[in-house]
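The numbers here are math on the coordinates, done by the rules we state, and not lab data. It should be emphasised that the depicted structure is a prediction, and the values quoted were computed from it without experimental measurement. Neighbour counts are summed over all protein chains in view; Cβ atoms, including those assigned to glycine, are modelled from backbone coordinates with ideal geometry.
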Amino acid sequence: MLPFQKRITMTERESLTLRPRYCLQELYRAGNLTVLGEALLLPDLPAQLDFHIALSPQCSAHWHSVRSRRKLFLDVPRRALDQNSRQSLTATLDYVEEKTDVDLVFVNFQSARSDRGDLLRAFGYLGFETVWPDHPALPPWDNVIFMVYPIERDVQPAPE
């Protein structure tokens, strides 16, 4: 199979960070945010999106994700609690809300991480809620904690 024919499935157990990246192209660039991803040929197939935020000439932050239908799964980077990563998460969520039709953003991290408690508190403070492992929207990964952030859209009132 050629690299461009491979698709990322949500049933694989490894983290998104370790997944191979095929045919990523620049989808969006504004200010310090660059979004790379696969062209969405069919809306029902998962597609990879990578968010790169230039915080300074020497510093950048990266959030790797997979978009599946109207859900986005973000892999939490190693130093997610740094001020830089918080700023980059905000830019990522802003992009998702303004430029996509995603309704739910899931973050995931290994339950064995030493900063697990701090991550739960930090994401909880930002509006994420812990999701039970048997939730039907989640891939069947072991030893992974998922938290979800619902994107609230402005609903236009119906004409009278």
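Remarks
- For the range 102-107, putting each phi into the Karplus relation 6.51 cos²θ - 1.76 cosθ + 1.60 with θ = phi - 60° gives couplings of 5, 9, 10, 10, 9, 9 Hz, in residue order, rounded to whole numbers and with x for Gly and Pro.
- Taking trypsin sites (Lys or Arg not before Pro) across the range 82-118, the ones in a DSSP loop with at most 16 further Cβ atoms lying within 10 angstrom of their Cβ are Arg113.
- For Val144, distant residues with modelled amide H under 5 Å away: Ser111
- Residues Asp154, Asp50, ranked from the fewest to the most other C-beta atoms within 10 Å, line up as Asp154, Asp50.
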